[in-house]
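In what follows, a structure is listed as structure tokens, so that the remarks can point back to it.
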Amino acid sequence: MDDAGARRLVAAILKQAHDDYISPKAKRNHYDAKKFINSAWCETLCEGIDIEHDEYIRACKKTIKLTEEEIRRKHYEKLKRELRLD
């Protein structure tokens with residue numbers, strides 16, 4: 001595998017970890033991804049493609065925060081519609 005292929009593989013692994021971390025459907029994947037994202041192994045992969053590990057962690061946490069806010073907002077809107085007395 002050449003350098004470009006290795007970089008694509010590392011980027012795919014980090015993207016999958018990010019996707020598993022933000023997935024509200026699979027709790028096991030979320031917890032496994034959370035452990036991975038905070039691991040030295042993840043830090044090494046980030047260094048391999050010139051990404052700051054701390055920035056990667058912040059991006060994951062920001063994304064999950066936005067996802068949770070969206071879920072709460074949709075739930076709130078649905079609840080308002082259900083409770084509306086027309």
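Only one entry of Glu47, Glu43 meets the criterion of being more than 18 Å from the chain's Cα centre (by Cα), open to solvent by 50 Å² or more (accessible area, probe 1.4 Å) and modelled with pLDDT of 80 or more, and that entry is Glu47.
State yes or no: is Thr63 among the hydroxyl-bearing types (Ser, Thr, Tyr), over 28 Å from Asp2 (Cβ atoms) and at pLDDT below 70? No. Against the list (1) out of contact with any Leu (no Cβ under 7 Å at 6 or more places or on another chain); (2) in a helix (DSSP H, G or I), the condition Lys25 fails is (2).
The values are calculated or read from the model by the stated rules, or taken from the named source; none is laboratory data. Keep in mind it's a predicted model, so treat the numbers as computed, not measured. Using ideal geometry, Cβ is built from the backbone for each residue, glycine included, and neighbour counts are taken over all protein chains shown. With ligands, DNA and RNA removed, areas are computed over all heavy atoms of the protein, side chains included. Shrake-Rupley method; radii C 1.70, N 1.55, O 1.52, S 1.80 Å.
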